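Here the structure is laid out as structure tokens; the discussion comes afterwards.
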Amino acid sequence: MDRDSKKLFHKVIVDLLCLGSVGFPVLMFYMFGSPYQRGFFCGDESIRYPFKESTVSSSILYTVGLGLPTLVILFIEYSMRNNEQSRYSLLGTPIPNWLYSVYNNILWFLFGAACSQLTTDIGKYTIGRLRPHFLDICKPDVDCNNIINKTKYNEDFTCGGERPNKFTDSRLSFPSGHSSLSFYCMVYLALYLQARIKTSKYGMARSLAQFVVILMAVFCALSRVSDYKHHWSDVLAGAILGITTATITALYVSELFASKYKSLRKRNSSADDIETTNNLQTTELK
């Protein structure tokens, strides 16, 4: 294996380890996580809503949220390919430049998605906020008709509902995972389009695509309120988290806007050189 192949091989190993180090805790939360056991007031109207099926199910969220940006990245990078000689090889096999670019862009996207999801899960399991349909799912063995229990903070209770597989989920309201992931995926996609489609010929089409994908995230987030899955503050917090993670990932983790920053630094450097030269000339005249 030549030197360049070794460097690429080591890069792939390190990249996958970094992605796994963030993705593995997400899996552990899903399999073994136990949220904070928060109590409730019988008179709390915000957790007395009926249970409804999700307008945007988790399977649709993951399929569209993760699949759409991946397909767009594949399509655009392949469309922008050129006939330049391959600069990379792995195990003696040349890697097309466009395929290497696809690998980097998808890896950055997935890494940011994992970071967003892990941050969301930490909030969910640490806070343990009750969902709006908590009482309908849990059906706690507390007599809420008792005047004493109506004003009492009930912590010692057992759920007796018919959906025991949803008891844990009914305590994971804050922040909204659907909102954080949908906004992360769609905002990142919008920023990716902004970075890769630079020609004015497709400027209007790019803006339309960006508007549509952001609108998809907005619809997904708002449906969580109308489906009684989350309180409005959960959705707002999830949206802010997703937008923030997507912006940081696109601007500072990935290299999408690297050329822009390089040109900006070059202009600043040139301006500093000119200012230094003028100062020296002024000093000599004095």
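When each full DSSP H helix of the chain is screened for a Cα extent of at least 15 Å along its own axis and an average Kyte-Doolittle hydropathy of at least -1.0, the helices passing are 3-32, 58-79, 97-127, 177-196, 203-226, 232-248. Can you give me the % of accessible surface on the chain that is carbon or sulfur? Probe 1.4 Å, all protein chains present, nothing else counted. Within the chain, the accessible surface is 61 percent carbon and sulfur. Quick one: which of Lys124/Lys166; Lys166/Lys229; Lys124/Lys152; Lys139/Lys166 span more than 20 angstrom between C-alpha atoms? Check vs 20 Å cut-off fails for Lys124/Lys152. Once a ≥ b ≥ c are taken as the square roots of the eigenvalues of the Cα gyration tensor of the range 1-78, is the result rounded (a/c under 1.5), prolate (a/b larger than b/c) or oblate (a/b not larger than b/c)? Cα axes put the range 1-78 in the oblate bin.
Across the chain, Cα-Cα pairs farther apart than 33 Å form 41% of the total. Looking at the range 1-102, the GluC sites (Glu not before Pro) that sit in a DSSP loop and have at most 14 other Cβ atoms within 10 Å of their own Cβ are Glu53, Glu84. Determine the gain in length on full extension of the stretch Leu208-Asn146; use 0.36 nm per residue of separation and subtract their C-alpha separation, reporting nm with one decimal. Full extension from Leu208 to Asn146 adds 16.7 nm.
Could you work out the local net charge near Asp156, counting Lys and Arg as +1, Asp and Glu as -1, over the other residues with Cβ closer than 15 Å to its Cβ?
Working: positive: Arg38, Lys152; negative: Asp141, Asp143, Glu155.
Net local charge, Asp156 excluded: -1.
In this rough spin-label picture, where each label sits 7 Å from Cα along the Cβ direction, the Lys7-Arg81 distance is 2.4 nm.
Work out how much length Thr199 to Lys139 would gain on full extension: take 0.36 nm times their residue separation and subtract the Cα-Cα distance, in nm to one decimal.
Numbers: separation 60, 0.36 × 60 = 21.60 nm, distance 5.80 nm.
Answer, rounded to one decimal: 15.8 nm.
May I ask you to derive the FRET efficiency for Leu99 and Ile240 from their Cβ-Cβ distance with R0 = 41 Å, giving the value to the nearest 0.05? According to the calculation, E is roughly 0.70. Note on Cys159: accessible area is roughly 40 Å² with a 1.4 Å probe, heavy atoms of protein only.
Suppose the chain between Ser89 and Leu17 were pulled fully straight at 0.36 nm per residue; how much longer would it get relative to their current alpha carbon spacing?
So the extension gain works out to 23.9 nm.
For the chain, set up a GNM with springs between Cα atoms under 10 Å and report which of Arg224, Arg131, Arg196 has the largest fluctuation. Ranking Arg224, Arg131, Arg196 by mean-square fluctuation puts Arg196 first.
Using a 4.7 Å Cβ-Cβ cutoff, the cysteines of the chain lacking any partner cysteine are Cys18, Cys115, Cys185, Cys220. Of the trypsin sites (Lys or Arg not before Pro) found in the range 5-92, those that fall in a DSSP loop while having at most 16 other beta-carbon atoms within 10 Å are Arg38, Arg48, Lys52, Arg81, Arg87.
Suppose R0 equals 22 Å. What FRET efficiency, 1/(1 + (r/R0)^6) with r the Cβ-Cβ distance, do Tyr153 and Ile122 give to the nearest 0.05? If you can, show how the numbers build up before the last one.
Values: r = 25 Å, r/R0 = 1.14.
Step by step, r from the Cβ atoms, then E = 0.30.
Using 1/(1 + (r/R0)^6) with R0 = 22 angstrom and r between the beta carbons of Val218 and Leu66, what's the FRET efficiency to the nearest 0.05? Between Val218 and Leu66 the formula returns 0.75.
Residues considered: Ala205, Ala237, Ala195. Largest GNM mean-square fluctuation over the chain, using C-alpha springs under 10 Å, is found at Ala205. At a probe radius of 1.4 angstrom, the accessible area of the chain per residue rounds to 59 square angstrom. Judged by the ratio a/c of the largest to the smallest principal axis of the C-alpha gyration tensor, the range 103-169 counts as prolate, that ratio being 1.5 or greater while a/b is larger than b/c.
Here the chain is treated with +1 on each Lys and Arg Cβ and -1 on each Asp and Glu Cβ, and its dipole about the Cα centre works out to around 620 debye.
The values are calculated or read from the model by the stated rules, or taken from the named source; none is laboratory data. Predicted model, so just to flag it, every value in this text is computed and none were measured. A quick note on method: Cβ atoms are made from the backbone with ideal geometry, for glycine too, and the neighbour counts reach across all protein chains shown. Surface areas here come from the heavy atoms of the whole protein model, side chains and all, with no ligands, DNA or RNA. Shrake-Rupley method; radii C 1.70, N 1.55, O 1.52, S 1.80 Å.
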